[in-house]
Amino acid sequence: MFDSRPPTPWRDEPSPWEDAAAPPGANVSEQVNPESDPDRSLEPTARLEVAPPTPPKKKRASDGLALLLIGALIGGAVGIGGAKAITPQLFPGAAATSTTPSAATDPARAAISDVLRQANQAQADAFAKNDPTLMRATSTDAHYAEMVQINSDLANGGVTKIELLSISFGDIVVNGASATATTTETWQSTYADGTVDRSTDQNDYALVLENGTWKIASNTQPGVTGVTAPTQPQTPSNTTVRSTSRNWSGYVATGGSTYTSVTGTWVVAAPDAKVAGNDATWVGIGGANSTDLIQAGTEATVGGDGSVTYDAWTETLPQSTRTVTLGVSAGDTVTVTIAEQSTDLWRIDMKNVTSGKTFTTTIRYASSKSSAEWIEEAPSVGRGIAPLDSFGAVRFTAAGTVVDGKQLTASSANAHPVTMANAANQPLAVPSALGSDGSSFTVTRTSTPATNLGSGGAPGRRRP
């Protein structure tokens with residue numbers, strides 16, 4: 001299914017992918033410390049063809065919990081999406097194709113494959129016609145709500161069209177009134193500026209039989225390891241304060257009229273290798289009450305095989321995350337500062353205090369300058385939110401911002417805490433109170449499994 005965020009290469013904001021043309025008016029220059037690693041390709045090439053799916057590997061129980069992004073993984077919803085942002089590229093149009101399961105002669109399995117095809121097409125049609133009710137027939141009430149949010153996020157991210165190019169089926173297992181199915185789907189999204197993104201991902205569906213009809217209860221994309229920009233924090237309907245988010249945890253300052261700088265320091269956490277997922281730590285300007293966001297930080301990715309990788313990145317929504325050449329590892333102390341140099345010209349300074357390496361870049365970006373953030377995030381995956389790994393705790397210090405021309409600490413800027421919670425409103429990551437210095441706090445991961453993050457988050461690393 002298509003996720004609500006634009007595909008992002010493993011880590012490349014606008015399009016962490018091949019060097020996609022910068023948005024009109026964009027002018028980016030980078031200065032890398034001579035001691036830093038040489039520049040390298042940041043954008044993986046998206047596959048145009050879907051290879052025959054291979055039987056999914058069995059997952060450890062703990063992996064399953066970490067990877068289960070409730071259909072909210074927008075990817076779970078139907079549609080485009082992959083854990084990582086897939087390099088946006090211009091692709092010629094392609095006709096949608098599909099293959100049916102070899103056991104399609106089994107009535108139940110044939111019905112399930114039909115429902116999955118219908119659901120994916122319904123998402124594309126609902127987006128095109130701005131009529132979310134078209135998705136209701138193939139989803140449970142909970143999954144339908146997630147899909148509605150996903151399409152809304154896509155539209156807010158600048159997407160003008162989504163289309164399913166191909167779908168192939170893997171295992172379909174029926175167990176009474178419930179079933180699971182695996183597909184490999186290739187989705188394409190078109191943006192207002194004419195840019196086209198394409199991504200191919202594995203989707204693991206859970207379905208239930210309701211009144212004789214199979215409906216999608218959830219959809220996850222376990223094979224996706226890339227991360228995209230975060231979406232705006234989702235505010236619970238019963239409050240007017242952004243105190244809870246599906247993908248952010250930390251502090252957000254929104255009281256001033258103009259935020260022109262933000263800085264923060266943190267120690268890169270070492271996540272549990274037994275729990276697959278992602279976590280990103282960053283500071284940013286904008287995004288709390290708007291769809292624009294300029295941010296920079298670090299991220300850890302725990303693979304299903306127990307491997308853990310780290311990287312540093314920058315991002316300007318609606319572009320995808322961009323991986324930078326600053327090397328980082330668990331235990332490293334990192335400082336990031338984002339500051340406006342002149343109208344719409346921003347400088348991002350990143351330093352690995354432990355290694356002494358630095359990375360600096362200037363980016364032209366029209367920001368609302370409406371907020372400042374210090375965040376620990378569950379990055380976007382495809383069009384949804386990636387499962388949050390078990391990072392333990394992340395300690396922020398020197399959290400400061402320039403508001404209306406005044407240099408303030410997070411506390412003096414009246415920053416408020418945000419707790420990350422799943423769709424059941426169970427806390428996943430909780431920030432501590434600000435320290436006596438007004439600029440330090442810790443975000444702690446709870447023991448709640450990241451199995452139901454859902455869709456709709458705060459803008460962040462580009463996932464649309």
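Some observations on this one:
- Counted residue by residue at 0.36 nm each, then reduced by the alpha carbon distance between them, the extension gain from residue 433 to residue 330 reaches 34.7 nm.
- Residues in region 322-338 carry Karplus couplings, in order, of 10, 6, 10, 8, 7, x, 9, 9, 4, x, 6, 8, 10, 10, 10, 10, 10 Hz; the curve used is 6.51 cos²θ - 1.76 cosθ + 1.60 with θ = phi - 60°, and Gly or Pro positions show x.
Bear in mind that the values in this text are calculations on the coordinates, not laboratory data. In this text, all values refer to a predicted model and were calculated from it rather than measured experimentally.
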